[in-house]
Each structure stands twice: as C-alpha cells, then as structure tokens.
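In what follows, a structure is listed as structure tokens, so that the remarks can point back to it.
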Amino acid sequence: MRPTPPARPPGPRTRSPLGQASALRADPLGYMRHLRTAYGDVLTLRIGPRDVLMVCDPAAAREVLVEKASSFRKGRGIQKMQDFLGSGLLTAEGQEWRTHRRLMQPAFHRSALSGMASSIVEATQPTIGRLHQSADRGQPVEVGGEMLRVTLRAIAAVLFGTGLSDAELAVVERELPPLLDRTTQRVRAFIDVPTEWPTPANRRAQASGAALDRIVARIIAQRRAAPEPGHDLLGLLLSARDEDGQGGLNDREIRDEVMTLFLAGHETTATLLTFLLLEFARHPDVQERARAEVRAVLGGRDPDAADAPALPYLNACIQEALRLYPPAWIVPRQATEPVTVAGYSLPAGASVSVNIFLMQRSPLAWRRPDNFDPERWLNGTRTPDAFMPFGAGARMCIGNHLALLEATLMSALLLRDLSFDVPDGGPTGLSPSVTLKADGPVIAHVTRVD
C-alpha cells in the first residue's frame, strides 16, 4: 500500500483570523527569512482564511513551475491585474494563453530582438545627455526615476518604432504610473474595492487606461491601414500567424499584450538597472572593471546586440544583480486539481508562492549568498538550478531576452562615459510589492570619465 503524503507542511500556528498577514505586512522579507530558517524551504503560512505553501527549494519550485505546471494556474493576485491590463500573457490562462504564446514567441527570439538594439540605444541617449548635465553641474541624480524614464522610452521604441509622437510619449509617461499603482494596490490588498466602484483611485486608473487605450488604438489602426516595414514588436504582433498562415491577434488582444509589455518591460528592467548601478557604486573596483571591459570592446562607438557576448564581466554583474534583486521576486500559483509538491498533498484551489528571492539567496545553494559577487558567474560557483529570475518552464517570461538586451546595452552606455557614486551607500532595505524595489531613493553623484 502506498503511504499517504502528509497533508500540511510545517509552519507557524496562530489563532488570529488574519493568520500571519500582520507579520508579513510589517516586514515581509524579514519574516519570510525567519520562517524559512525555522521551518525549512517548503512551509505553510496562513494569510487570512487561506493556507499558502511557500516554496524556496529549487526542486520543489521546478515541480510547480515545470514538471506539474499543468496542475496550476496563475495566482489570485495576477488574476486581479486583468481588470486594467486585460488578458495578455501575464494574466491569460488555458487555450488563450497557449495561442498567444505561440503567436508571439517568434517576435521575442534573439534574432528578432537584435534588430531592435538601435532603438534601445537611441532611446537611452536623452538620459545620457541629462546625466552629463547633472555631472557638469554637480547635481545629484535620483537613479530610480531616471531608470524608469529610460526604460519606458525604450519599451515604447521597441513596441512602436517611430509611431509614437513626443506628445503621446508624454501622455504615456504621465498616465502609466497611476494605472500601475492601482494595479499594485489591488494585488496587495487583503480585501479589495471592486474596480466598478467609483472611488478616486478607480476613476484615476480608468481615466489613465482610457488615455493609453486611445494611443494604442490609433497606432494599431494606422498600422492596419498602412503596414510599415520594420522590426518593432507591434509590427511583428500584427503580422503574427499560425503555421498554416491563419489566425492572428485581433485589435483587443494586441492592446492587451501592449499594456502587458508596458508593465513587464518597463518597471522590472528599471528596477534591475537601479540595483545594478547601486551595486556598482558600492563596489568601485567592480564598476571600474566593467567599464574597462566596455571601453575595450566599444572604443568610442555605441553598443549593438552583437557586442553582448563580448562583455562577459558586465553580463556577470547583471546576472548577479538579478540573483540578489529579482524584480519578479515571488511567483504565485493556484492548484487547479489535487497535486503533490515536495511530497505534500495539496487540494484543488490551494495557493502556492514560489519565493524566488529566498531561493536565490539560499545558503544551501550559494556561497556568501547575500554578497554581490559577479565572479561566481565566471568561475563555476554559480548554482543554475537555484536561479529563476524570469520564472521557469513554459510560462517563463517571454521577454527575458529583451530584458537582458536592454540591461546590457543601457548599462554599457551608462558605464562608458560616466561614473556612479552613492556616498551614503544607498538604501539598505528592500520593499517587496508586485516587484522588488529599494525601500528608499537611490541618490547618486555622477561624474564624467575621460
């Protein structure tokens, strides 16, 4: 007779109707670290009326995300994003997700993305110019804000090419943050206000969404009427067809994917670059070595996609920043049928959170796990099974190659001519929300490098 798997992994007990929600609110990462130390890499915590299986173990994470992925859907928090983002790859499920993924995948192959490198470089130039001015004036720079602006411009250029006017780009810069803020509030809320209720936050988000919809609809209609040659993502999405030449995405589906790409290709890359520059400032020797590599490869020219393989140390720095500060720091899933994970039985409807942050800082998998050490990616001491900054399996982030291309090109441009210093060491805490951020502004002094 086969033994029955234990029903509940270890975890803290509580009589509070909120479970561990209050402790998680007060210090989410600190409390999760405490739980992992006390109960191991697979544990149960209670949030309100629900038990949540927290997974920090690489093998169990692969069970959820790869081996038994068909037994899970995306978590409740991600489902809440549909109200404002629509049904893009981030939120879609089932056959809809499979169809969209199949149609969109060719647009995100490295070969397709390499043609967009010049758009990324061009979108970065205004930021380089502003930073030069700040350096000449001795003005400090708020790194996070600058990175948000440059990554928004880059994703707009990659999506639309030259189809977005300066006035429309200004609208996107103004209207996207309120929409993302309300989406974040909904994901984090224990008890959420329905989006149909006319609250100030809902009205503001709906107005922002409508303004963005008008821009996207105009560009889609223009492209449908007069297709343009080129390699931007919108053109590739409009021309996407099944293998038999049939199908394709309708205008609403393309709108939803564009909104998803604005979210996934904007804030996450900005967060990565902010932490990368912060670590460069904290480790001047690492910054100088990366700069020397960039200058040796580029000379005085701008980078392109073909340069990325020739920048192994810079790429190691990017990988290490992703390990320490994964923007998508937790991956929520909900079981759609009874399933076992790490030997434990889960019923249909069970909530699972794969904790990428703790897995990538596990002392069982990484030497000196909390240290910024790019060398680990060059000397064979990395642990690839415990590194999933873009998720894993069929639902791995479709934009992973785009994010790495943006990070490589932008950081090469920034390092080539500029040096970054954070005199006070910058914020030491982390703020985990939908994405992982620093818990305060990163204020840098920027100087020109001859």
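Here are a few things to note about the model shown:
- Structure remark: mean-square fluctuation, Gaussian network model of the chain, C-alpha springs under 10 Å; the largest value among Leu405, Leu18, Leu415 belongs to Leu18.
- Test item: Cα-centred dipole of the chain, Lys/Arg +1 and Asp/Glu -1 on Cβ, debye: 1460
- In this structure, the amide hydrogen of Ile330, modeled 1.01 Å from its nitrogen in the peptide plane, lies closer than 5 angstrom to those of Ile356, counting only residues at least 5 positions away or on a different chain.
- Label sites at Arg13 and Ala292, each approximated as a point 7 angstrom past Cα along Cα to Cβ, lie 6.0 nm apart.
- Fraction in percent of alpha-carbon pairs per bin - 20 Å, the chain: 24, 57, 19, 0
- Net charge contributed by nearby residues that have their C-beta within less than 11 Å of Ile215 (K/R +1, D/E -1): 0
- For region 21-448, the relative contact order works out to 27 percent when only alpha carbon pairs closer than 8 Å and six or more residues apart are counted.
- Selection of GluC sites (Glu not before Pro), region 148-219, meeting DSSP coil and at most 11 other Cβ within 10 Å: Glu196
- Prolate/oblate/rounded label for region 83-159 (Cα gyration tensor, a/c 1.5): oblate
- Cα gyration tensor shape of region 230-344, rounded if a/c is under 1.5, else prolate or oblate by comparing a/b with b/c: oblate
- Over the residues of the chain, the helix contribution to mean residue ellipticity at 222 nm works out to -15500 deg cm²/dmol, using -39500 (n - 2.57) for each DSSP H run of at least 4.
- Candidate aspartates and glutamates - alpha carbon under 15 Å from Lys80, same-chain residues fewer than 8 apart omitted: Glu93, Asp181, Asp192, Glu196, Asp256
- Taking label points 7 Å from Cα along the Cα-to-Cβ direction, Thr340 and Gln125 give a separation of 6.1 nm.
- The Cα atoms of region 57-110 give a gyration tensor whose axes a ≥ b ≥ c have a/c of 1.5 or more with a/b no greater than b/c, which makes the shape oblate.
Every number in this text was worked out from the coordinates using simple rules, so none of it is lab data. Everything quoted here is computed from the prediction, not taken from an experiment. Cβ coordinates were reconstructed from backbone atoms using ideal geometry, including for glycine residues, and neighbour counts include every protein chain displayed.
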